[in-house]
Amino acid sequence: MTRASDPTPPLRILHVLDHSLPMHSGYAFRTRAILKGQEADGLVVHGITSLRHTHSGPAVESCDGLDFARTPGEASGPAVIREWREIGALAEAIVQFAKEWQPDVLHAHSPALCGLAAVRAGKARGVPVVYEIRAFWEDAAVGNGTGSQGSMKYKLTRALENHVVQNADHVMTICKGLKGDLTARGTSPAKIGIMPNGVDLGLFGDPPPRDDALARELALGDGPVIGFIGSFYDYEGLDDLIAAMPALQARHKDARLLMVGGGPMAESLQAQAASSPAALAIRFVGRVPHTEVERYYSLCDIMAYPRKASRLTDLVTPLKPLEAMAQGKIVAASNVGGHRELMTHGETGILFAPDNPAACAEAMAQLFDDRAGWDALKDRARAHVARNHDWTCNARDYRVVYQDLLARKKGQSFSPAAEKQTI
């Protein structure tokens with residue numbers, strides 16, 4: 001494949017990914033937003049996925065106008081050996097694809113398996129590597145119940161992360177919490193940039209009217225509705241939200257709780273709700289197609305995110321509250337580090353003590369008592385998202401990182417200020 005004859009062709013960025021569209025996940029949607037934002041900024045982008053992309057399809061697949069190459073084969077064997085083989089397969093796939101596509105930069109996204117594969121391939125091809133951390137996967141495993149802090153697997157995953165951070169040319173994180181943790185481990189702050197979670201306002205910027213037919217189908221009545229739309233993991237604190245409902249109903253008897261999604265905690269949460277004095281006020285609807293999600297958002301007055309306090313929730317900023325703010329919803333969330341980085345109490349959302357159903361109920365009740373302030377709160381929240389978390393704007397900052405790496409590779413100096421004036 002040859003390049004255009006233009007003396008300054010657009011930068012070509014190959015994104016190295018765990019998985020991508022058409023699989024649906026927060027990871028895949030953030031990837032889509034990044035690549036779309038970079039295309040809008042004039043970059044040429046392509047993705048390549050690891051063996052953990054399990055959706056069957058062609059070797060190179062176009063999804064939503066974006067192109068993704070797939071790593072062929074499968075990895076087997078016991079733990080550690082299997083992951084090592086995954087890394088090797090992905091590294092080889094990157095090298096082979098890069099021979100034809102000729103990327104200027106490899107941009108790998110966590111987990112560290114993708115990062116190490118990119119570092120290997122980058123050295124083989126002489127291409128600089130950016131490694132982007134969306135969460136520490138050892139902490140995520142603890143949060144979703146598949147790992148335990150301090151275990152051998154936890155320590156190995158953390159050591160691998162440290163190795164990739166040391167060997168990548170530049171590191172990006174999604175929030176200050178992750179950057180601070182890496183800095184405490186000994187990585188220079190100058191090596192670490194922040195690209196916060198964002199929202200494509202073209203998708204979330206025009207909230208639909210309330211779907212009255214769906215409200216009647218779910219028997220929600222005319223009272224206020226609290227909603228949660230997402231995955232049912234223990235760290236989300238949904239048991240505290242359910243436990244808060246009796247106290248909330250004592251003050252607002254028509255209040256309803258709408259739970260949309262599924263996950264490891266689904267059965268226990270449904271059992272808890274069934275035995276609650278507020279059982280008749282709680283609705284579970286299971287997982288819904290992504291195209292239907294806006295219908296359920298339209299039914300909710302307040303979106304609740306009662307995450308429990310943990311390393312994961314203190315260090316990592318979630319995406320869902322930003323999407324809710326962009327939808328024009330009131331956001332009430334537990335006062336953990338990840339939420340504090342996204343919103344200011346009383347200005348763009350409401351924060352309440354984590355692991356505390358009484359505090360959750362009180363926060364919701366006070367919001368329902370003071371509806372007069374809702375419109376101003378919604379307006380401030382949406383303006384905050386548009387100003388600080390719009391992918392169309394934020395994705396441009398990647399260009400500065402790429403240009404700096406390529407200038408250093410050539411032994412040249414680079415002025416980020418001058419570059420920003422040109423984009």
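The values are calculated or read from the model by the stated rules, or taken from the named source; none is laboratory data. Bear in mind that the values here come from a model prediction, so they are computed numbers and not experimental data. Note: ideal-geometry Cβ built from the backbone for every residue, glycine included; neighbour counts use all protein chains shown. When the accessible area is computed, the model is the full protein with side chains, heavy atoms only, and any ligands, DNA or RNA have been set aside. Shrake-Rupley method; radii C 1.70, N 1.55, O 1.52, S 1.80 Å.
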Quiz item: Among the residues of the stretch 84-91, is any assigned to a helix (DSSP H, G or I) and within 21 Å of M195 (Cβ to Cβ)?
Solution: no
Quiz item: Between residues in the stretch 149-163 that are under 21 Å from K179 (Cβ atoms) and residues that are at pLDDT 90 or above and among the small types (G, A, S), which pairs lie under 6 Å by C-beta distance while being six or more apart or on different chains?
Solution: L160/A112; E161/A112
Self-check item: Yes/no for I242 being more than 15 Å from the chain's Cα centre (by Cα) and under 27 Å from C360 (Cβ atoms)
Solution: yes
Self-check item: Top-ranked residue of the stretch 241-260 - restricted to ones that are in a helix (DSSP H, G or I) and open to solvent by 20 Å² or more (accessible area, probe 1.4 Å), ranked as nearest to F284 (Cα to Cα)
Solution: A243
Quiz item: Counting only residues that are open to solvent by 30 Å² or more (accessible area, probe 1.4 Å) and of a type in the set (K, R), which one in the stretch 1-36 is modelled with the lowest pLDDT?
Solution: R3
Quiz item: Take the residues of the stretch 201-222 that are open to solvent by less than 90 Å² (accessible area, probe 1.4 Å) and in a loop (DSSP other than H, G, I, E, B): which is farthest from A255 (Cα to Cα)?
Solution: G205
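Here is a check on your reading of the model: is R134 loosely packed, with under 15 Cβ neighbours inside 10 Å and either among the basic types (K, R) or under 23 Å from Y305 (Cα atoms) (or both)? Give the derivation first.
Numbers: loosely packed, with under 15 Cβ neighbours inside 10 Å: no; either among the basic types (K, R) or under 23 Å from Y305 (Cα atoms) (or both): yes.
So R134 does not fit the description; no.
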Self-check item: Residue that is aliphatic (A, V, I, L, M) and outside any loop (DSSP other than H, G, I, E, B), where the choices are V165, V127
Solution: V165
Quiz prompt | Residue that is modelled with the lowest pLDDT, among those in the stretch 281-312 that are over 25 Å from D254 (Cβ atoms) and in contact with a His (Cβ under 8 Å, 6 or more places away or on another chain) | solution = H290
Exercise. Collect the residues in the stretch 40-83 that are touching a Phe, Trp or Tyr at 6+ places or on another chain (Cβ under 7 Å), touching a residue at least 40 places away in the same chain (Cβ under 8 Å) and either surrounded by 19 or more Cβ atoms within 10 Å (Cβ to Cβ) or assigned to a loop (DSSP other than H, G, I, E, B) (or both), keeping them in residue-number order.
Key: I48
Exercise. With the checklist (1) closer than 20 Å to E341 by Cα; (2) crowded, with 19+ Cβ neighbours inside 10 Å in hand, flag the one item T157 doesn't pass.
Key: (1)
Self-check item: the stretch 168-195, subset outside any helix (DSSP H, G or I) and more than 27 Å from G126 (Cα to Cα), residue most open to solvent (accessible area, probe 1.4 Å)
Solution: R185
Quiz item: Out of (1) open to solvent by less than 20 Å² (accessible area, probe 1.4 Å); (2) of a type in the set (A, V, I, L, M); (3) closer than 25 Å to M265 by Cβ, the odd one out for V142 is which?
Solution: (1)
